[in-house]
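Reading through the structure tokens given below for one structure.
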Amino acid sequence: MDSKLIQRLIEAVVDRIVAAEAELTALDQAIGDGDHGINMKRGTGAVRAAAAELAAKPAGEAVKDAGMQLVMKVGGASGPLYGTLLMTLGKLWPDPLERAGLATAVASALEAVKARGKSEPGQKTMLDVLFPVSEALAAGKSPAAIKAVAAEAAEATVPMQAVRGRASFLGERSAGHMDPGARSSQLAVEAVCDVLEAAQ
Amino acid sequence: MSDKVGIVIVSHSPEVAKGTADMVRQMVGAAVPLAHCGGNPDGGLGTDVAKIVTAIEDAWSEAGIVLLVDLGGAETNSEMAIEMLPEERQAKAVICNAPLVEGAIMAATEAWGGASLAEVRATAEELSPA
């Protein structure tokens, strides 16, 4: 994977997350502790600041190091969760890059996120977006189709009741709002797919 | 280095972390290794893996350390911090499933008496509903 593509992917994901700061914060104020937007902005900002350095590394290393930046800079639970996702993905990154190897790496990375968050799909978290996306990737879907899967999956978290994290304290009252982690995952997936579509 | 189990307090709020540590100090004195941290990397509410690692090092004891944490992110970030320790230290750093203030005081009281890591943790966790 060439360094320009890595840099474009970083820029695209960071831009999308930073642009959504207010929305993510509003979602998190409804059912969490209201810091998801600012935390993700800080964490992804640190990745952007290191973009040139990351892009000069082999792709797997770059992904792993971006995960480490998130762990160190986010400041909330989403840091270790997104960080674990990227650090595991980077460790298992296929070289040369091909879809089946990437799909296996993503699936393993999601298992690591499940373990980190002690959570399963269906509990109103980022996993509810990332699992369907992982399946779509393994099934050979196009970037456009994967974006549609991510959007639908994020929407599907609205009626769910949270059982993990701050939102779980709200019990039934957590239903009726989209999960902020599901939304930030959807935005990141969309940004990656947009870059890949443009590169095709 | 102390032979007593150390206590690490991790809160989203630097003030809560410090206040809890002050209460522990007043109740059990200086014999128990104690460190606290709070706040995200910018100083706002949240937690910071690097600060947690430093606090663990500050309170380190060969008998081990227990971490008392407040909300979700404090726990996840503490788990990450433990994984960043040298391997031989990782098994000697445990997070207590206990309320922050009461847990820290109970754990410190137990540690002051020379209890083992497992005993200190169990005493703090008695405060949590089963």
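The values are calculated or read from the model by the stated rules, or taken from the named source; none is laboratory data. Keep in mind it's a predicted model, so treat the numbers as computed, not measured. Positions of Cβ are generated from backbone atoms using ideal geometry, with glycine treated the same way; all protein chains shown enter the neighbour counts. We work out accessible area using only protein heavy atoms, side chains counted, and drop any ligands, DNA or RNA first. Shrake-Rupley method; radii C 1.70, N 1.55, O 1.52, S 1.80 Å.
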How about A:LYS41: which aspartates and glutamates have a C-alpha closer than 13 Å to its C-alpha, ignoring those fewer than 8 places off in the same chain? A:GLU11, A:ASP15, A:GLU21, A:GLU23, B:ASP42
In nm, to one decimal, how far is the modelled label at A:GLU61 from the one at A:GLN161, with both set 7 Å along Cα→Cβ? 4.9 nm
Between the Cα axis of helix A:99-117 and the main Cα principal axis of chain A, the angle (0 to 90°, nearest 10) is 40 degrees
At A:LYS4 and A:ALA148, where each label point lies 7 Å from the Cα along Cα→Cβ, what is the point-to-point distance in nanometres? 3.1 nm
Under 5 Å from the placed amide H of B:HIS36, counting only residues 5+ away or on other chains, we find B:ILE9
In whole angstrom, note down how far apart the Cα centers of segment A:8-60 and segment A:126-171 are. 18 Å
How fast does segment A:3-199 diffuse by Stokes-Einstein, in µm²/s, taking the Kirkwood radius from C-alpha pairs at 20 °C and 1.002 mPa s? 130 µm²/s
Per q in 0.21 Å⁻¹, report the Debye log10 I(q)/I(0) for segment A:120-167, using one uniform scatterer on each alpha carbon and no solvent. -0.66
Counting only protein heavy atoms with a 1.4 Å probe and every protein chain in place, the carbon and sulfur fraction of the accessible surface of the protein assembly as shown in whole percent equals 56 percent
With a/c under 1.5 counting as rounded, go ahead and sort chain B into rounded, prolate or oblate using the C-alpha gyration tensor (a ≥ b ≥ c being the square roots of the eigenvalues; past the cut-off, prolate if a/b is larger than b/c, else oblate). rounded
In segment A:71-105, the residues losing 10 Å² or more of accessible area (1.4 Å probe, heavy atoms of protein chains only) relative to their chain alone are A:VAL71, A:MET72, A:LYS73, A:GLY75, A:GLY76, A:ALA77, A:PRO80, A:MET87
Rounded to the nearest whole number, the Stokes-Einstein translational diffusion coefficient of the protein assembly as shown at 10 °C and 1.306 mPa s (Kirkwood radius, C-alpha pairs) in µm²/s is 77 µm²/s
